[in-house]
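Report on one structure; see the data block that follows.
FYI, it's all coordinate maths here, none of it is from the lab. Everything numeric in this text was worked out from a predicted model, so none of it was measured. Cβ placement follows ideal geometry from the backbone for every residue including glycine, while neighbour counts extend to all protein chains displayed.
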Amino acid sequence: MATRHRNRLKDEAPHLAGIGTEPDFAIGQRALLLRSPDGNLLWDCITFLDEATIETIKARGGIRAIAISHPHFYSAMVEWAERFDAQIFLHAKDRHWVMRKSPRIQFWEETMLSLWDGLMLINCGGHFEGGTVLHWPGGANGKGTLLTGDIIQVVQDRRYVSFMRSYPNLIPLGPAAIHQILERIERFPFEQIYGAWWGANVLSNAKDAVARSAQRYLGAIGSAETYG
């Protein structure tokens, strides 16, 4: 890959930078480097890692730990963890999807896992049983930010999100899974959402966007229930 690819690191918000490979590799997702006083967190992962990327990230404080939304983005997580001497946090419900074992992987089992500086991993399920989002309370100037991968998928109209069991097969989630996601993020304030691809972000009123999207979604699949 080094003969024809490179990684681009671009600031998406204060203390939050996207890292993506050019030209696109696989499904073209980008990771997010969240810079925090007590250590940086890499959210999700990409496959390509070269010395230029390592030096650039080290100049920004390195990586204390890696947390990943779901198995589609496990990618080269062990290689990244080894190069940065980092820990990996994965939800235990997705343990069987790990193809490369490593003592750096810590499986957690509860609904939430508190990290440092107020960062919180939240098991929402849905797309995968262990599907996880990250709440960053300091994001959006202290109004809160969610990093969601595609557990909560930002759609083309950035005022909305959506939810799927399988994206390639276009299989939607049912009402119970939607309500679980909504219930598990309810206690957390957030103004913004950063999704899994460049530009897939809701930059204002994100919590309202999730509620509005859930009502639309449940209506479209014929559920008698709505979320208010």
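Data overview
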{"quantity": "Residue under evaluation residue 159, criteria (1) under 23 Å from residue 47 (Cα atoms); (2) out of contact with any Asp or Glu (no Cβ under 7 Å at 6 or more places or on another chain), criterion not met", "calculated": "(1)"}
{"quantity": "Number of positions in region 145-160 that are buried (at least 24 other Cβ atoms within 10 Å of the Cβ) and either closer than 15 Å to residue 190 by Cα or without any contact (Cβ under 8 Å) to a residue 60 or more places away in the chain (or both)", "calculated": "6"}
{"quantity": "Hey, residue 179 more than 17 Å from the chain's Cα centre (by Cα), at negative phi, surrounded by 15 or more Cβ atoms within 10 Å (Cβ to Cβ) and not polar (S, T, N, Q) or not", "calculated": "yes"}
{"quantity": "Checking residue 78 against (1) surrounded by 18 or more Cβ atoms within 10 Å (Cβ to Cβ); (2) farther than 27 Å from residue 185 by Cα; (3) in contact with a Leu (Cβ under 7 Å, 6 or more places away or on another chain), the condition it does not meet", "calculated": "(3)"}
{"quantity": "Of the criteria (1) outside any loop (DSSP other than H, G, I, E, B); (2) free of Cβ contacts under 8 Å to residues at least 40 places away in the same chain; (3) closer than 23 Å to residue 37 by Cα; (4) not hydroxyl-bearing (Ser, Thr, Tyr), which one residue 118 fails", "calculated": "(1)"}
{"quantity": "Identity of the residue in region 121-170, part of a strand (DSSP E or B) and more than 13 Å from the chain's Cα centre (by Cα), that ends up farthest from residue 218 (Cα to Cα)", "calculated": "166"}
